[in-house]
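Trainee: Structure in structure tokens, see below.
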Amino acid sequence: MFPNAIFLLGPTASGKTALALQIADRFPVEIISVDSALVYRGMDIGTAKPDAAMLARYPHHLVNLIEPTETYSAARFCSDARAAMDDICARGNVPLLVGGTMLYAKALLKGLSDLPEADPVVRAALAERAANVGWAEMHRELARVDPESAQRLPPADAQRIQRALEVFQITGMPMSSLQQRVGKPVDFPFRALKIGLAPSDRKVLHERIAARFDAMLALGFVEELRGLRARYALTPDMPSMRAVGYRQAWQFLDGAIDEKSLRETGVIATRQLAKRQMTWLRSMADVDKFDCLPSDWQERIIDRCAEFLAR
């Protein structure tokens, strides 16, 4: 019989972390982060990373793995997550995978698409062109060769636009087409409960996002980034600095936008991220979706976990 695993997935500000801690209080679980930003050391406020006291009480796997100058990939996540899951099961506990990086979750469950590896030469050429014409024009170029990817990506999402154009230049095929091809079947020897948080009122989620971004600013988010820029040889095109919020805070520190624009663009970018996360979630099969707005939503999910683990 396969060991159990629980996935808790959902958009930013939907309440995943608070619920994960409640689940950890009730069941013998260990938390594995499914978040492409929490892997970076020092990026704490802008990622809403659990603080040191919380991490001491509720240890999280795959948090604080690398420096902000390094890169992390879905392939490495799959390797790291599987190793953590095996260790957790060997201790007689249940892996609880929590986060909003849906690509990571899907790759772990279904395998990676048959996409080419990054090509530094192609990537550098695209970055140089973007510096000359702007990412809005690059987005229009993407719309001509891969309209499906362009429709999915906002014009300001430089990292993913660059990747989609890179894939097209390397293969001559749209990335959206290649993503339909799943690679070799993935070995996933776990019995998985997949829970998705799907807020019924987008306005409420947007209010939560705005409140959380305001709280980050009050906690010293900009100063955090200022310190990171002083400590590391960072550039704005590094994956860590393209994370939502950090990209806008970088522009503020460079004097490209004022404090009001920082708040406005940061909130808008986070809303766009939540929309993409919800799109990913809707595309995933066999997910038990729960509205995370009613007063009893956490207890309903805890009851579902209890039912699953009792089988």
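Trainee: Over region 199-284, with the other protein chains present, what is the accessible area per residue in square angstrom, probe 1.4 angstrom?
Mentor: Details: 4570 Å² over 86 residues.
I get 53 Å² per residue for region 199-284.
Trainee: What net charge do the residues around Met1 carry, taking every other residue with its C-beta under 12 Å from that of Met1, with Lys and Arg at +1 and Asp and Glu at -1?
Mentor: Details: positive: Arg191, Arg311; negative: none.
Value of the local net charge: +2.
Trainee: For the chain, give the share of DSSP beta bridges that are antiparallel, in percent and rounded to the nearest 5; count only bridges with both residues there.
Mentor: Working: 1 of 23 bridges.
The answer is about 5 percent antiparallel.
Trainee: For the chain, just list the percent of Cα-Cα distances falling in each 20 Å bin from zero outward, please.
Mentor: All Cα pairs, binned at 20 Å, distribute as 31, 60, 9 percent.
Trainee: Roughly how tilted is helix 259-283, in degrees to the nearest 10 and between 0 and 90, from the longest Cα axis of the chain?
Mentor: 60
Trainee: I've got another one for you. How big is region 127-255 by the Kirkwood estimate over distinct Cα pairs, in Å? Before the final figure, lay out each step's value.
Mentor: Values: mean 1/r = 0.0558 Å⁻¹.
The answer is 17.9 Å.
Trainee: How big, in percent, is the set of alpha carbon pairs in region 212-264 lying more than 13 Å apart? Numbers along the way, then the final one.
Mentor: Values: 780 of 1378 pairs.
Summing the P(r) tail past 13 Å for region 212-264 gives 57 percent.
Trainee: How large is the Kirkwood hydrodynamic radius of region 236-311, in angstrom, based on all distinct alpha carbon pairs?
Mentor: Numbers: mean 1/r = 0.0645 Å⁻¹.
Across region 236-311, the inverse of the average 1/r is 15.5 Å.
Trainee: Calculate what fraction, in whole %, of the accessible area of region 136-256 sits on carbon and sulfur atoms when a 1.4 Å probe is rolled over the protein chains.
Mentor: Numbers: 3200 of 6060 Å².
So the carbon and sulfur contribution to the accessible surface is 53 percent.
Trainee: Taking the chain as a Gaussian network, where each spring joins two C-alpha atoms under 10 Å apart, which residue of Leu55, Leu225, Leu153 fluctuates the most?
Mentor: For the chain, modelled as a Gaussian network with Cα springs under 10 Å, the answer is Leu55.
Trainee: Give me the 1.4 Å probe accessible area per residue for region 70-197, excluding ligands and nucleic acids, in Å².
Mentor: Per-residue value: 49 Å².
Trainee: So what's the net charge close to Asp303: Lys and Arg +1, Asp and Glu -1, counting the other residues with Cβ under 13 Å from its Cβ? Please list the in-between numbers first.
Mentor: Numbers: positive: Arg26, Arg300, Arg304; negative: Asp288, Asp296, Glu299, Glu307.
For residues surrounding Asp303, the net value is -1.
Trainee: Given the Cα atoms of region 5-52, and with Rh set as the inverse mean 1/r over their pairs in the Kirkwood sense, what is Rg to Rh to two decimals?
Mentor: 0.95
Trainee: Looking at the chain as a GNM with Cα springs under 10 Å, which of Ile32, Ile45, Ile257 has the largest mean-square fluctuation?
Mentor: Between Ile32, Ile45, Ile257, it is Ile257 that shows the largest mean-square fluctuation.
Trainee: Another question, if that's okay. Where does region 39-79 land on Rg(C-alpha)/(2.2 N^0.38 Å)? Spell out each step's value before the answer.
Mentor: Values: Rg = 11.0 Å, N = 41, 2.2 N^0.38 = 9.0 Å.
Relative to the 2.2 N^0.38 Å estimate, region 39-79 comes out at 1.22.
Trainee: For helix 202-219, what angle does its Cα long axis make with the longest principal axis of the chain, in degrees from 0 to 90 and rounded to 10?
Mentor: 80
Trainee: Which one, Phe252, Phe221, Phe77, has the greatest fluctuation when you compute a Gaussian network model over the chain with C-alpha springs under 10 angstrom?
Mentor: Phe252
Trainee: How big is D for region 1-145, in µm² s⁻¹ as a whole number, if Stokes-Einstein is applied with the Kirkwood radius of its Cα pairs at 25 °C and 0.890 mPa s? Walk me through the intermediate numbers first.
Mentor: Details: Rh = 17.2 Å.
Here the translational diffusion coefficient equals 142 µm²/s.
Trainee: Give me the net charge for the shell around Asp44: Cβ to Cβ below 11 angstrom, other residues only, Lys and Arg +1, Asp and Glu -1. Intermediate results must be reported in sequence, preceding the final value.
Mentor: Values: positive: Arg41, Lys49; negative: Asp51, Glu224.
Here the charged neighbours net out to 0.
Trainee: Right, next: Could you work out how far helix 297-310 tilts from the main Cα principal axis of the chain, as a 0 to 90 degree angle to the nearest 10?
Mentor: Orientation of helix 297-310: about 60 degrees from the principal axis.
Trainee: Check each of the trypsin sites (Lys or Arg not before Pro) in region 73-155 and keep only those in coil by DSSP with at most 15 other C-beta atoms within 10 angstrom; list them in order.
Mentor: Working: sites: Arg76, Arg82, Arg91, Lys106, Lys110, Arg123, Arg129, Arg140, Arg144, Arg152; in loops: Arg91.
Of the trypsin sites (Lys or Arg not before Pro), the ones in loops of region 73-155 whose Cβ has at most 15 other Cβ atoms within 10 Å are Arg91.
Trainee: I would also like to ask the following. Tell me, what % of the accessible area of region 1-95 is carbon and sulfur with a 1.4 angstrom probe? List each step's numbers first, then the result.
Mentor: Numbers: 2010 of 3830 Å².
Summing carbon and sulfur atoms, their accessible area is 52 percent of the total for region 1-95.
The values are calculated or read from the model by the stated rules, or taken from the named source; none is laboratory data. Being a predicted model, the structure only gives us computed values, none of them experimental. All Cβ positions, glycine included, derive from the backbone under ideal geometry; neighbour counts span all protein chains shown. Surface areas here come from the heavy atoms of the whole protein model, side chains and all, with no ligands, DNA or RNA. Shrake-Rupley method; radii C 1.70, N 1.55, O 1.52, S 1.80 Å.
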